[in-house]
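Take a look at the structure set out below.
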Ligand SMILES: Nc1ncnc2c1ncn2[C@@H]1O[C@H](COP(=O)(O)OP(=O)(O)O)[C@@H](O)[C@H]1O
Ligand SMILES: [Mg+2]
């Protein structure tokens, strides 16, 4: 069995780490991978967005399954091209990936499905958006670019001036290019967010354990948004009943609506939920595994992830029931100097060896490379060659994931491991999963009473 994973971040390292432990004993390729993935799989120097080169590689090597990590190649239609060549692939086709690729499309589907979500209006001109803002009675309001914007296309505007400036930035200055051709003005919802990742095979939908992530760079949710500075799984107070309700009220109706439109959704449908005093609503959908949620979800999964992904890709998910350890998992992201405005490359990372052998701890690599070498190094990093330093090569560098009996134990383990890793300018949040520890102890609830 040969498996190709597309991508080179922490999410892809987590996928590779699970796949190489599968009872199917696959040979795993990863394009492009990173310095951590190179220790577990064969890295192929092809970028995750170089769809023609990925297709050539797959046509040559004929992997039995390809799993696509990031959204950009999915929205660009990578799975359509693979399926045309009879290559089995895990991930939605270009039509289905519009659930992430177009926030307007997602809102239309959510509306048609009757799933609860924030009210919105859509605008293709600044005049139209300004008129909608002028009718507003209160702030904040949320301004969203329709298309993919690498996590930067959502502005929570606290004042009318800020909202107008955001609209002009998107629709007039075209700061997001064509992704900002259409803008949504959306009701601001208040509550606690939950990420629910759902495996789909076109017929059957199987939820994974819910997770929460941290988007802001600084402790106490201060500072600018990032790709994600940490996560944990499960979510105290969002138990089986809440997952079932989200499946019934959000995920299943949305999948049924897509189907009515002729779209069979295969792959991960990631529901970004918010639990408000007025019930659980959907904020957005993504078309792939979440990063860094995956780094906290997968360590708890006791079932064979590769078997689940194969079943999803083949339309054979019916009856699948993933098994989870009762332990909690906490993932702390370590980012490079300057992140999220910029990232710093080439800083030597120390302490990885000492953490590698710590019980219950897994270090997933994201923006890492070998010093002075090709980015991922491929097989050259293996036995027989001199050990090379691992250096920073991106914004988010590592995710330190720890399992423990309860959140307090998992969190302590994660931060003990973090304390043994260092590189110049290393940034991490000190408060990841603090609120989960409090919720677990019964000191505070993560969710508003409804
Ligand atoms: N309607 C809303 N009300 C309150 N917060 C929102 C709303 N929409 C988005 N957000 C906040 O902005 C973040 C990013 O928005 P999202 O729709 O997930 O876009 P993306 O992940 O593509 O940047 C959300 O996780 C949430 O914290
Ligand atoms: Mg989001």
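Laboratory data are not the source of any read-out in this text; all were calculated from the coordinates shown. Keep in mind the model is a prediction, meaning the values are calculated, not measured. Quick reminder, even Gly has a Cβ in these numbers, built from the backbone with ideal geometry, and neighbours come from all protein chains shown.
Brief remarks follow.
- Backbone N within the stretch 137-171 under 15 Å of label point (7 Å from residue 178 Cα along the Cβ vector): 146-149
- Overall form of the chain per C-alpha gyration tensor (a/c, 1.5; a/b vs b/c): rounded
- Förster radius 22 Å - calculated FRET efficiency between residue 168 and residue 121 (Cβ-Cβ, nearest 0.05): 0.85
- Relative contact order of the stretch 161-250, defined on C-alpha pairs under 8 angstrom at six or more residues apart (%): 17 percent
- Put the Cα centre of the stretch 27-80 next to the Cα centre of the stretch 204-235 and the gap is 25 Å.
- The mean sequence separation of alpha-carbon pairs under 8 Å and at least six residues apart, normalised by the residue count of the chain, gives a relative contact order of 18 percent.
- Relative contact order (percent, whole number), the stretch 10-79, Cα cutoff 8 Å, 6+ residue spacing: 24 percent
- By average C-beta atoms within 10 angstrom, highest first, the peptides 95-101, 54-60, 388-394: 95-101, 388-394, 54-60
- Folded to 0 to 90 degrees: helix 103-113 orientation relative to the chain principal axis, Cα: 70 degrees
- With a Förster radius of 45 Å applied to the beta-carbon distance between residue 138 and residue 80, the computed FRET efficiency rounds to 0.55.
- Residue 203-residue 356 pseudo-label distance in nm [points 7 Å out on the Cα-to-Cβ vector]: 4.4 nm
- Between 0 and 90°, nearest 10: helix 10-19 axis offset from the chain longest Cα axis: 50 degrees
- Between 0 and 90°, nearest 10: helix 160-171 axis offset from the chain longest Cα axis: 60 degrees
- Potential extension, residue 348-residue 261 segment - 0.36 nm per residue separation minus Cα distance: 26.2 nm
- Ordering of 260-266, 285-291 by packing [mean C-beta count within 10 Å, highest first]: 285-291, 260-266
- Debye-formula intensities of the stretch 328-440, expressed as log10 I(q)/I(0) at q = 0.11, 0.12, 0.23 Å⁻¹, are -0.37, -0.44, -1.22 (one equal scatterer per alpha-carbon, no solvent).
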